[in-house]
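Everything below concerns the one structure shown next.
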Amino acid sequence: MAVVALAAAVYVCQGLWLAPYRNVVADNVSDQGQFEWMLAYGVYLLQHGTDPFFTDLLNAPRGVNLAMNTSSTFYAVLFAPLTHFAGPSISFATILTLNLAGSAFVWYLFLRRWLVRSGLAAAVGGMLFGFCPGLISHANGHLNWTSGWMVGIVAWWVLKLPERDHWLRNGIVLGLLCGMGFSVAAEALFFCALASGLFLGIWLLSRPGRQMARSALPPVLKALGVCAVLAGALLAYPLYMHFAGPLKFSGTGFLMDHYSEDLVAYAAFPLQSLAGLFGWGADLAPNATEATSFLGAPLLLLFGAALVLLWRRASPERRVTLRALTVVGGVFFVLSLGPRLRFMGTEQEHIPLPYALLAEIPLFDSALPVRYTLVVVVIIALVLALFVDEFLNRTALTRVALGAAVVAALAPIAPLPLRTLERAPEPEFISSGRWRDFVSDGGVMTTLPLAMDVAVDSMRWQATTMADGGAAQFRIPAGYFLGPQDYEETGRELVGRLGPPDRPTTRLFYRAGRFGQVSRVTDVDRAQARADFEYWRLEAIFLPDEMTGPRGPLNRAALVLFCTDLLGEPEHVQDVLVWRIRPGVDPVDKPARG
């Protein structure tokens with residue numbers, strides 16, 4: 001099973017492995033760049049002993065609260081040796097591949113241990129979740145949401161809590177898992193806690209559950225107490241940084257209505273699937289990375305039939321399990337639909353849903369509804385595994401019908417390899433270390449346009465210097481991260497935004513690089529640029545031969561024209577153009593023409 005899961009993951013990620021230093025996931029160039037930066041920061045963190053949850057390397061001079069972002073400290077530290085010797089892009093591809101394979105394999109082991117007898121039935125459930133449309137869509141740049149293995153291990157240890165003689169061990173292990181899970185995927189850990197609590201609550205309300213509770217409650221409570229103490233100690237600082245630290249904000253800033261499931265999407269096929277290859281896919285997701293449901297009508301019909309048939313043949317204890325799984329799946333299905341119903345791509349404003357009551361509550365205000373679907377997929381995978389296990393040893397005709405039904409349900413959503421495109425190669429100016437001649441240690445330097453959600457090359461080049469582990473390091477202005485809308489006290493209470501508050505010169509660089517818009521530079525523009533450069537404490541700007549945008553190269557020619565008009569002729573250094581900046585002095589106003 002491990003070999004099969006790993007082979008399937010390599011197949012999905014093959015585009016990255018064919019050219020790991022050049023290829024990037026085509027549907028989310030920026031998130032891959034952001035995660036590569038986080039992985040490289042792990043090397044810098046271990047070398048310099050800096051704060052894992054706050055950095056001033058980005059968004060100079062203000063910095064970034066990494067606890068409010070997906071800091072991935074666990075991955076960054078664990079894979080720091082690989083990042084140092086092979087580079088952040090290799091670490092990214094490795095973790096992504098292992099995440100998909102590990103998600104399938106851990107849930108296979110979970111099913112074998114807790115629910116089914118047949119290895120084949122466990123494999124069906126494990127592969128369904130590990131390579132479901134939701135995890136495949138998140139494989140477009142998200143190392144956090146492809147970490148389904150983490151949720152499986154946490155759920156495994158939750159079910160071990162009633163063990164009377166091992167409450168101390170179980171509490172310690174679960175506390176360590178919570179500490180690790182917060183770094184890997186805090187939002188997914190929150191979903192796991194909700195689902196586990198709901199499942200166990202329904203179990204305890206049943207007659208078998210009430211009987212079991214008399215003996216199980218004492219070790220469960222003691223283990224949870226140990227877990228709370230240990231996890232509280234491990235997470236005290238990151239939680240403080242998240243809820244009360246510098247540059248905090250409230251909520252994600254993403255629109256809940258937009259990032260909600262379309263009701264029809266559950267029965268539709270994903271675009272990046274076998275069905276999509278034949279033109280049967282539907283484009284109903286907020287974006288390619290959040291196509292979280294798209295299970296297809298055949299799988300939903302099989303799930304419904306499996307529930308009915310299993311219920312008819314189940315013992316009272318198994319019926320309690322089926323009831324609990326169904327309720328958990330139903331609750332998370334409703335939550336995934338968001339504050340208002342969406343149908344065929346249109347929001348039905350007159351039909352509010354329960355999530356509208358939760359959207360302002362802490363934790364819920366930072367979770368995107370569309371992602372609750374992954375818990376629904378877990379429930380479907382568990383029920384399907386139970387169904388296969390129940391009917392696998394029946395007559396030959398039953399086994400043939402069962403196999404045909406499973407293939408008909410799963411084959412259409414079988415994933416295609418991730419789409420990739422080429423991004424800008426690392427400039428020799430960076431790889432050779434020549435950049436040190438143009439910026440002081442800890443000084444500020446950038447390529448153009450400034451790092452933002454559609455242009456992360458500055459972060460990538462900074463990441464390679466961090467991964468190399470040299471003593472010197474440059475900082476960059478702006479960046480792709482979640483931060484407050486402003487740096488006053490009001491920003492702490494408002495929802496967040498992508499990147500820092502805009503500055504006028506940032507917008508000029510962006511329009512030139514993204515859209516090729518080059519207008520004549522006035523002395524007013526120069527005065528504003530001087531103020532912005534002084535604010536950033538910028539010492540140098542460099543332009544390589546190629547810059548990466550969200551769908552391909554950015555407009556270098558327009559940036560060269562604009563910067564030359566603004567700052568004069570550049571220096572040609574190896575494979576880049578460089579403009580030295582004297583903060584507070586450059587750019588110099590042009591003398592009036594007589």
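The values are calculated or read from the model by the stated rules, or taken from the named source; none is laboratory data. Keep in mind that what you see is a predicted model, and the values were worked out from it rather than measured. Ideal geometry is used to build each Cβ from the backbone, glycine not excepted, and the neighbour counts take in all protein chains shown. Quick note on the areas: whole protein, heavy atoms, side chains included, nothing else; ligands and nucleic acids left out. Shrake-Rupley method; radii C 1.70, N 1.55, O 1.52, S 1.80 Å.
Let a ≥ b ≥ c be the square roots of the eigenvalues of the Cα gyration tensor of the range 192-297; is it rounded (a/c under 1.5), or, if not, prolate (a/b larger than b/c) or oblate?
On the way: a/c = 3.33, a/b = 1.43, b/c = 2.33.
Oblate is the answer for the range 192-297, as a/c is 1.5 or above yet b/c matches or exceeds a/b.
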>> 5 Å is the cut-off here: which amide hydrogens, built 1.01 Å from N in the peptide plane, fall below it relative to residue 577, excluding neighbours closer than 5 in sequence?
In response: 543
> Cα centroid distance between the range 448-490 and the range 176-254, in Å?
Replying inline: 32
>> Using the Karplus curve 6.51 cos²θ - 1.76 cosθ + 1.60 with θ = phi - 60°, what ³J(HN,Hα) values do you get for each residue of the range 272-277, in whole Hz, with x for Gly and Pro?
In response: 8, 8, 4, 5, x, 4
> How high is the relative contact order of the range 123-279, given as a whole-number percent (alpha carbon pairs under 8 Å, six or more residues apart)?
Replying inline: 25
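Summing -39500 (n - 2.57) over the DSSP H runs of n ≥ 4 in the chain and dividing by its residue number, what mean residue ellipticity at 222 nm do you reach, to the nearest 500 deg cm²/dmol?
Details: 22 runs with 318 residues, N = 594.
So the helix-based figure for the chain works out to -17500 deg cm²/dmol.
Where does each of 238-249, 259-270, 396-407 land if you order them by average Cβ count within 10 Å, highest first? Walk me through the intermediate numbers first.
Details: 238-249: 17.3, 259-270: 22.8, 396-407: 13.0.
Ranked from most to least packed, the peptides come out as 259-270, 238-249, 396-407.
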> If you plug each phi of the range 133-138 into the Karplus form 6.51 cos²θ - 1.76 cosθ + 1.60 with θ = phi - 60°, what whole-Hz ³J(HN,Hα) values come out, in order, with x for Gly and Pro?
Replying inline: x, x, 5, 5, 5, 6
> Relative to the first principal axis of the alpha-carbon coordinates of the chain, what is the inclination of helix 167-205, with its axis defined by its Cα atoms, in degrees from 0 to 90 and to the nearest 10?
Replying inline: 30
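Quick check: net charge around residue 147, other residues with Cβ under 14 Å of its Cβ, Lys/Arg +1 and Asp/Glu -1? List each step's numbers first, then the result.
On the way: positive: 371; negative: 187.
Net charge in that neighbourhood comes out at 0.
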> Between residue 471 and residue 240, what length comes free when the chain is fully extended (0.36 nm per residue of separation minus the Cα-Cα distance, one decimal in nm)?
Replying inline: 80.2 nm
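Roughly speaking, to the nearest percent, how much of the chain's 1.4 Å accessible area is carbon and sulfur? Kindly include the intermediate steps, with their values, before the conclusion.
Values: 15200 of 24400 Å².
The value for the chain is 62 percent carbon and sulfur by accessible area.
What number comes out for the charge environment of residue 425, summing +1 per Lys or Arg and -1 per Asp or Glu over other residues with Cβ under 13 Å away?
Values: positive: 22, 423, 460; negative: 422, 426, 428, 457, 545, 546, 575.
That works out to -4.
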> Which of the following values of Kirkwood radius over Cα pairs in Å was calculated from the structure shown: (1) 27.9; (2) 25.7; (3) 24.5?
Replying inline: (2)
>> Can you list residues from other chains, or at least 5 along the same chain, whose modelled amide H is less than 5 Å from the amide H of residue 540?
In response: 446, 581
>> Between residue 190 and residue 436, what is the label-point separation in nm under the 7 Å Cα-to-beta-carbon projection?
In response: 4.3
> Mean separation of Cα pairs under 8 Å and 6+ residues apart, divided by the residue count of the chain: what relative contact order is that in percent?
Replying inline: 19
> Which whole-Hz couplings ³J(HN,Hα) result when phi for each residue of the range 468-479 is put into the Karplus expression 6.51 cos²θ - 1.76 cosθ + 1.60, θ = phi - 60°, listed in order with x for Gly and Pro?
Replying inline: 5, x, x, 5, 7, 7, 9, 9, 10, x, 6, x
> Taking the Cβ of residue 568 as the center, what net charge do the other residues with Cβ under 13 Å away carry, scoring Lys and Arg +1 and Asp and Glu -1?
Replying inline: -1
> For the chain, what is the charge dipole size about the Cα centre, in debye to the nearest 20, if Lys and Arg each add +1 at the Cβ and Asp and Glu each add -1 at the Cβ?
Replying inline: 2320
> Check residue 55: other-chain or 5+ apart residues with amide H under 5 Å from its amide H, H built from backbone geometry?
Replying inline: 64, 66
> Once you sort the root eigenvalues of the Cα gyration tensor of the range 204-257 as a ≥ b ≥ c, which label holds: rounded (a/c under 1.5), prolate (a/b larger than b/c) or oblate (the other case)?
Replying inline: oblate
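What does the highest-first list of 113-124, 442-453, 483-494 look like by mean Cβ count within 10 Å? Show your work: numbers first, answer last.
Working: 113-124: 17.9, 442-453: 23.1, 483-494: 15.8.
Top of the packing list down: 442-453, 113-124, 483-494.
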>> Within the range 305-320, name every residue whose backbone N is under 16 Å away from a label modeled 7 Å from Cα of residue 114 along the Cβ vector.
In response: 318-320
> When only the heavy atoms of the protein chains count and the probe is 1.4 Å, how do 18, 143, 300 rank by accessible area, highest first?
Replying inline: 18, 300, 143
